[in-house]
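> Got a structure for you, written out below as structure tokens; questions coming shortly.
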Amino acid sequence: MSRFRKAVLATALLAVAGFASAQTASPYPGVGRAATPKEIAAWDIDVRPDFKGLPAGSGTVAKGQDVWESKCSHCHGIFGESGEVFSPLVGGVTPEDIKKGRVANLINPAYPGRTTLMKVPTVSTLWDYINRAMPWTAPKSLTTEEVYAVTAFLLNLGGIVPDNFTLSDKNIREVQERMPNRNGMTTKHNMWPGNEFGGAKKSDTSNVACMKDCAPEPKVASFLPDFARNAHGNLAEQNRPVGAQHGVDTTRPEVKRTEVKQGVAEPVPVAAPAAPAPAVAQAKAAVAPKAEAAGVDNKAALALTQKNNCTACHAIEKKILGPSFMDIAKKHAGKVDYLAGKIKSGGSGVWGPIPMPAQALSEAEAKTIGAWLAAGAGK
């Protein structure tokens, strides 16, 4: 046997042995493979309170202001105080809070709300969240310098760092010592995973159910009468579409079903199912011929709305953050150029106070979506 053949045979045997070893070690033989260090690094982007994972870099407050005004202010306001889309980021913090590390307004019942800088104890949380999730329409699109810069600008808005400050991986620990609520977080409770950082050794509560002297089950004696349900207009339209509180649609009477409790039948209110508005039904009926007449590819347009994250705020037939595609199509039927321009430029005030940011898509894509909307927003 020649040396070449011996070398080939030895290499093949080593490969088979390695494959068999890998198959034996895996709990699911033949399924998947181990991630490469490069693949792990691409996902392992979290930044911890001890700043492990923080990339090297820096950014100035001035640079952060430019990034903020172009990519952040349409949701958070020029000064981070807006509550129209999300909760305010800035406000409620005093120089005394920065000195002590505890925000007094958090325990002040007269203060109207809670802002991010009032609550967050670690600057790493701000950096990490901005890096992985912002801007809302294009998460993970900011460069490392932009994340440092916009974090510095946000801290500057809260009075934590001066106007000429440059935030970097070298001085971020010093900034942590100025966070207004840095001493407001405690690990002395049983939700902390262990005692290595001073966690509690026993449960928060140790109550046991006595099962005696229990209060009787309350019985509702009356409900809002139907004639008064819409006395103040449709309550569903008067609530912010973001958050847990959504008003009931008072334009429709509630439906009552009967529930038997302890042998007694009691009426229980149930929200009536939403009926499609006649205008929406008519628009749906007219979609197919309109789209065919205009030569619009519905599937291609819908794919573009998903590709460009339009569906994060809009749905075909119902309002989410923005109006439904059907409502837009009804209001602006045939206005292809107007709709394409509006998609590119963004704006607010036409459908409510929540702004739509300018969309970074091509002219051709905006034209395709605009033509689809102008033709009836068909499926």
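> Going by the structure shown, is M118 farther than 15 Å from C72 by Cβ, in a loop (DSSP other than H, G, I, E, B) and within 26 Å of the chain's Cα centre (by Cα)?
Values: farther than 15 Å from C72 by Cβ: yes; in a loop (DSSP other than H, G, I, E, B): no; within 26 Å of the chain's Cα centre (by Cα): yes.
Judged against the criteria, M118 is not a match.
> Please go through region 303-320 and give me each residue that is charged (D, E, K, R) and crowded, with 19+ Cβ neighbours inside 10 Å, ordered by number. If you could, list the steps in order and put the result at the bottom.
We begin by selecting, within region 303-320, every residue charged (D, E, K, R); these are 307, 317-319.
If the condition is that a residue be charged (D, E, K, R) and crowded, with 19+ Cβ neighbours inside 10 Å, then no residue fits.
> Condition first: of a type in the set (S, T, N, Q) and assigned to a strand (DSSP E or B). Now tell me which residues in region 134-170 satisfy that.
Result: T166, S168.
> Taking the criterion of being among the hydroxyl-bearing types (S, T, Y) and surrounded by 16 or more Cβ atoms within 10 Å (Cβ to Cβ), would at least one residue in region 88-111 satisfy it? I'd like the intermediate steps shown before the answer.
The first filter runs over region 88-111 and keeps only residues among the hydroxyl-bearing types (S, T, Y), leaving 94, 111.
Then keep just the ones that are surrounded by 16 or more Cβ atoms within 10 Å (Cβ to Cβ); that gives none.
Within region 88-111 (the criterion being among the hydroxyl-bearing types (S, T, Y) and surrounded by 16 or more Cβ atoms within 10 Å (Cβ to Cβ)), the answer is no, since none of the residues qualifies.
> Oh, and also: Please find, among P27, P49, the residue that is assigned to a loop (DSSP other than H, G, I, E, B), at pLDDT 90 or above and not charged (D, E, K, R). If you could, list the steps in order and put the result at the bottom.
Values: P27 fails: at pLDDT 90 or above.
Checking each option against the conditions leaves just P49.
The values are calculated or read from the model by the stated rules, or taken from the named source; none is laboratory data. Fair warning: this is a prediction, and the values are worked out from it, not measured in the lab. Heads up, the Cβs are rebuilt from the backbone with ideal geometry, glycines too, and the neighbour counts pull from every protein chain shown.
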